[in-house]
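The values are calculated or read from the model by the stated rules, or taken from the named source; none is laboratory data. Just so it is clear, the model here is predicted, and its values are computed rather than measured. Here the Cβ positions follow ideal geometry from the backbone for every residue, glycine too, while neighbour counts run over all protein chains shown.
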């Protein structure tokens, strides 16, 4: 829908009595409607939330799916926030402006009581998390939260002796139909007979949404790491046996699964080492940092079109090895929009920092992080997600 078509729709939506007022307003401002929308997409989300009170027209526009999709895709100078988590409470810390390119300072933006747990997924500015076994969606920009209905329970997934059950949620978006879907995978391992089963559920995030069980033609599996959504496809790593790992893809629109064998060289690493599952060049990739700290070496495995894996090795320049510390364990926290891998220490401390590894230039950069409080320092249970996507102003419905 173009800006002109949207203006016509709004004109009808506000009614005949308001139409003349809308036209007068546009003439008085002497700003074309498409330019007005362009200006609004460049504004901070907090300003847009206030502007909903200007008029019914502005409220309809800002709350519309058309504008929220435009807003999340338009490049802007808005800087990504950082979300720190701890049990029973979450704190959203936003990046503050800094004159130095080597220091990133975070200020407390919002405290979210009752939003606990460590099982978080971020997609297009929205957060999927679990509370007491229930899946919830939170928009930190609009501060709106919704709790999804309880998923039906199938007999074999009920707790029995010798039964290990895992429930994992994934978050996906179909860009064609503009639908958000939550995928739930329930894996059950009966240790007494070494039997593995799994069931799969999908929830469409919309008014009147409900859980729907879907068919699965592949092997039962237990998800391990990775929650990517790239061009309408969810990707994650899983194992079908202790020695066999696979990459699972789920098409959000068709709701079809596919499995691709992970290279044998990586099976042991996935089980025993903190590798990273990232998006690289618009494709799922495995980032192996096993020898990064000791030798400055990383291996990158990329899933190419057609299901084949490509691999390349990178070795850091000797002058950058001082950025690594043998006593500090690093975890992969995602990638930036320019395909830089974000590496962060496992625990928070006073001189906390982030490492950005540019795989294209084979360059490592260090950013010192200024935390406004020592509340988090040294706490092993603190979990967090680094945002590198634009904010979302989507109005949530269930």
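I'm trying to understand the selection: among the residues of segment 325-342, which are touching a helix residue (DSSP H, G or I) at 6+ places or on another chain (Cβ under 8 Å) and in contact (Cβ under 8 Å) with a residue 40 or more places away in the chain? Selection gives 330 alone.
Assess whether residue 334 counts as being assigned to a loop (DSSP other than H, G, I, E, B) and on the phi > 0 side of the Ramachandran plot. Here the answer is no, as residue 334 does not meet what is asked. In segment 254-301, counting only strands (runs of 3 or more DSSP E) that sit wholly within it, none holds 3 or more residues that are modelled with pLDDT under 90 and surrounded by 18 or more Cβ atoms within 10 Å (Cβ to Cβ). Candidates are the residues of segment 186-227 that are over 21 Å from residue 148 (Cα atoms) and under 21 Å from the mean Cα position of the chain (by Cα); the one that is surrounded by the most Cβ atoms within 10 Å (Cβ to Cβ) is 226.
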